[in-house]
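Scroll down for the structure; my scribbles are underneath it.
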């Protein structure tokens, strides 16, 4: 069994202009900060990022907004980061807003081989514009299509060399879902465990979803 | 007691022991100070069982609330990822959600995530008003300029249609019914005429209208 633990150089080489990159974390918690720093270092630009929010000014996900590498953000909320708001207002950043429950299900569908999700959230609001409505069990729903990303950057509390992962508290948030939805999945672990040191009862993400680990 | 606390205390009176409740930011967040024992608070970023704010060395990155403040989980708390968190919300597992409001319409439409020209994201608000068993809007009755917030129709982008069950303000409590907005409680010393003058739709006066405890 080959360890998936890799080097910063190998990770840097993965980033290319124009990619769609999913980034875990919420309100600066559970953010894969070392992977974000590598993405900033790579200089890859015209990125579309898929992430719950845009962090804070030059902090966590906000570092990418600050560095000017992002062309579009698919997200649920940008209001906490004044730089994101300013770029949006100036027409320099495309923003697609999703209700958080729909966002996470769209990503989950992307990771789970599903085409999309039926939800009532957003019916009667601007969210329903340009979306199909579907009747299921006699009730009307919005169809929200699946989202997949070129590269998923996520963070876990503990991981073993096979990429089996465990999360802690509210730092999990979108990480366990995003990790499944990338063509390439890179995880930053707080603690690298040895095989079987992360016990079978604690694993919540199977290592098969993970391609590269930054320890 | 200032208006925000009056509103939060009255909104919290809706909770019963055993309830799972989500609190929005602002005035709703104050409800945890007044909730009965045995109420468990859910936060959208992934925890059932949110306790007091953590202080000093208690602060741990892995246990925070939706406004990114570190908190202490209560005994029996369980962390959940975002998909599970919103399954709890959407799937009707929240007994109540307390949300702030910019506008509420006579049919219980809620606008609280954007104003024309300022639309920076709905976050969890739309799911919350879609899924929770009781949707309680906790807000001041009028804007800072003294204009009504309870209107015939919302003019701001909607968070949800016909989703509000109760409106709690510093001056009154209103039930949203199929027949319209029903005034259920009035703050001490206030008159029906005064309340009606601050609300656009014609209020139905409840047969059991009573004084609001402040």
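Values quoted throughout were computed directly from the atomic coordinates according to the rules given, and no laboratory measurement underlies them. Keep in mind that what you see is a predicted model, and the values were worked out from it rather than measured. Ideal geometry is used to build each Cβ from the backbone, glycine not excepted, and the neighbour counts take in all protein chains shown.
Listed from fewest to most Cβ neighbours within 10 Å, the set B:149, A:92, B:59 follows the order A:92, B:59, B:149.
Considering only Cα atoms, the convex hull volume of chain B works out to 131 Å³ per residue.
Peptide A:56-63 has a mean shielding of 0, counted as Cβ atoms of other protein chains within 10 Å of each residue's Cβ. The alpha-carbon positions of the range B:16-128 define a convex hull whose volume is 125 Å³ per residue. Taking the three principal axes of the alpha carbon atoms in the range A:97-215, the coordinate ranges are 50, 27, 22 Å, sorted in descending order. Once the Kirkwood radius over Cα pairs is known for the range A:1-65, the Stokes-Einstein relation at 4 °C and 1.567 mPa s delivers a diffusion coefficient of 105 µm²/s.
Using alpha-carbon positions, what is the distance between the centroids of the range B:168-185 and the range A:85-130, in Å? Taking the Cα centre of each part, the range B:168-185 and the range A:85-130 sit 33 Å apart. Taking the Cα centre of each part, how many Å lie between the range B:1-74 and the range B:116-133? Computed from Cα coordinates, the inter-centre distance equals 19 Å. Neighbour counts of other Cβ atoms within 10 Å put A:213, B:6, B:204 in the fewest-to-most order B:204, B:6, A:213. Extent of the range B:32-94 along its three principal axes (Cα atoms, max minus min coordinate, largest first): 36, 26, 20 Å.
Among DSSP beta bridges lying fully in the range A:64-155, give the percent that are antiparallel, nearest 5.
65
Measuring nothing but how far apart in sequence close Cα pairs (under 8 Å, 6+ apart) lie, relative to its length, chain B scores a relative contact order of 18 percent.
Entry note, the protein assembly as shown: the mean residue ellipticity at 222 nm calculated from DSSP H runs of n ≥ 4, each adding -39500 (n - 2.57), is -4500 deg cm²/dmol after division by the residues and rounding to the nearest 500. Axis of helix B:3-12 versus longest Cα principal axis of chain B: the two differ by about 70°, to the nearest ten degrees. Here the scattering of the protein assembly as shown is modelled by Debye summation over its C-alpha atoms, one equal scatterer each and no solvent; at q = 0.10 Å⁻¹ the log10 of I(q)/I(0) is -0.71. On the basis of the beta-carbon distance and an R0 of 25 Å, residue A:13 and residue A:94 show a calculated FRET efficiency of 0.40.
For the range A:30-182, the normalised intensity computed at q = 0.08, 0.15, 0.20 Å⁻¹ comes to -0.25, -0.84, -1.31 (log10 of I(q)/I(0), Debye sum over alpha carbons, equal scatterers, no solvent).
For B:166, A:167, the sequence from fewest to most other C-beta atoms within 10 Å is B:166, A:167. Normalising the Debye intensity of the range B:114-182 to I(0), with uniform scatterers on Cα atoms only, and taking log10 at q = 0.13 Å⁻¹ returns -0.41. Counting only other chain Cβ atoms within 10 Å of each residue's Cβ, the peptide A:119-130 averages 6.
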